[in-house]
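The values are calculated or read from the model by the stated rules, or taken from the named source; none is laboratory data. In this text, all values refer to a predicted model and were calculated from it rather than measured experimentally. A quick note on method: Cβ atoms are made from the backbone with ideal geometry, for glycine too, and the neighbour counts reach across all protein chains shown. Remember, those area values only see protein heavy atoms, side chains included, never the ligands or the DNA or RNA. Shrake-Rupley method; radii C 1.70, N 1.55, O 1.52, S 1.80 Å.
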Amino acid sequence: MLKTNNNSIKYLSLVVLTVQNAALGLSMRYARTRSIEMFSAAAAVLMAEVIKLIVCVVLVILESGSTRKGLQSIKATVVDQPYDTLKICVPSLLYIAQNNLLYISASNLDAATYQVTYQLKILTTAFFAVFVLGRVLKKWQWFALGLLALGVALVQLSSNSTPTVSTNMQEQSKVIGFSAALTACFISGFAGIYFEKMLKGSDISVWMRNVQLSLLSLPFGAITYMLSSGSSSRLLAGFDAFVWYLVVLQAGGGLIVAVVVKYADNILKGFATSLAIVISCVASMYIFDFILTAQFSLGTCLVISSIFLYGYEPKKSENIHSSLKV
Ligand code: C5P
């Protein structure tokens, strides 16, 4: 019964992650290219952390059975174990940087290019799993990683030759967009592995771990906001209904990632996000006048095929699967 329940959560979380990923890429792009007063990306990231913290505190209280017990267990985990809480500082800081970089990337690249480039995080996740945690990858998985890099390169080159059509865009820089996306890929790989190791290496629940994560992300997020905007600007300047929807979408995505890491694994997460690319590419053609070239299509096909090849698992072997788990 418990297994069936866990399986339902696993597949449901993967479907929701796919839809969320596709929607987030497109929505971020749309929000950053409107001609109305521009909101601060750092403020949006900070607000997403506030929402995640509130939701996770509520979930911990529900898990504990009462408000008093919930708050007591938060104190016992977060305050009374300062060393453990400090260890969560690493992904907290990294995720704040990553989320800000993704906004920079979405401001400078079209939605589809941004999505495909960000898939390089599968490669960086493998890199950290192998070189930091000593995981072993099979030959075809290395081949798949090569295909992935080639696919992203094709997409990048095709986007350089594709004229930008929208007139509302702020000045864009492909170099800044790609640099931000690539840095976010490295952060995603490392922070993902680090968090999964912490989650699976202790009995602390996923929601409690996220309370720790968000609590520490708040000061980091606030500092990032203060550094990125002058003291004169209002925190919520430019926050209309669409920006709030985007903030909730990003916060929800973070919570879904936490569930996917707990109930599924990195391979399945890769499948979910690869499907998100297809959805976002097709939608991008209609929404942003994105021109689909043969080179872009080939690159996207390579990226998606590589993700499937990477996750290929011969029936009898359990090794590959476990080699990707942290
Ligand atoms: O793209 P990637 O899978 O690395 O995205 C991770 C996202 O999920 C980040 O925005 C991060 O803030 C969020 N996250 C979270 N809680 C976790 C793990 C990730 O909010 N436990």
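At-a-glance table
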{"read-out": "Scan of the stretch 223-250 for residues that are closer than 10 Å to A44 by Cβ and within 16 Å of the ligand (Cβ to nearest atom), ordered by number", "value": "Y225, L246, V247, Q250"}
{"read-out": "Members of the stretch 169-210 found to be surrounded by fewer than 19 Cβ atoms within 10 Å (Cβ to Cβ) and among the polar types (S, T, N, Q), listed by number", "value": "Q170, Q172, S173, S179, T183, S202, S205"}
{"read-out": "Residues that are buried (at least 22 other Cβ atoms within 10 Å of the Cβ) and under 11 Å from L249 (Cα atoms), drawn from the stretch 1-19", "value": "L17"}
{"read-out": "Lone unmet requirement of (1) away from the ligand (no atom under 14 Å from the Cβ); (2) open to solvent by 40 Å² or more (accessible area, probe 1.4 Å) for S107", "value": "(2)"}
{"read-out": "Lone unmet requirement of (1) at pLDDT below 90; (2) outside any helix (DSSP H, G or I) for F308", "value": "(2)"}
{"read-out": "Pairs, first over 27 Å from T33 (Cα atoms) in the stretch 84-113, second more than 14 Å from the ligand (Cβ to nearest atom), C-beta under 8 Å, six or more apart", "value": "D84/T77; T85/T77; T85/V78; T85/V79"}
{"read-out": "Subset of the stretch 71-104 [among the aromatic types (F, W, Y) and more than 10 Å from the ligand (Cβ to nearest atom)]", "value": "Y83, Y103"}
{"read-out": "All helices (runs of 4 or more DSSP H) inside the stretch 1-88 with 1 or more residues being of a type in the set (F, W, Y)", "value": "2-32, 82-87"}
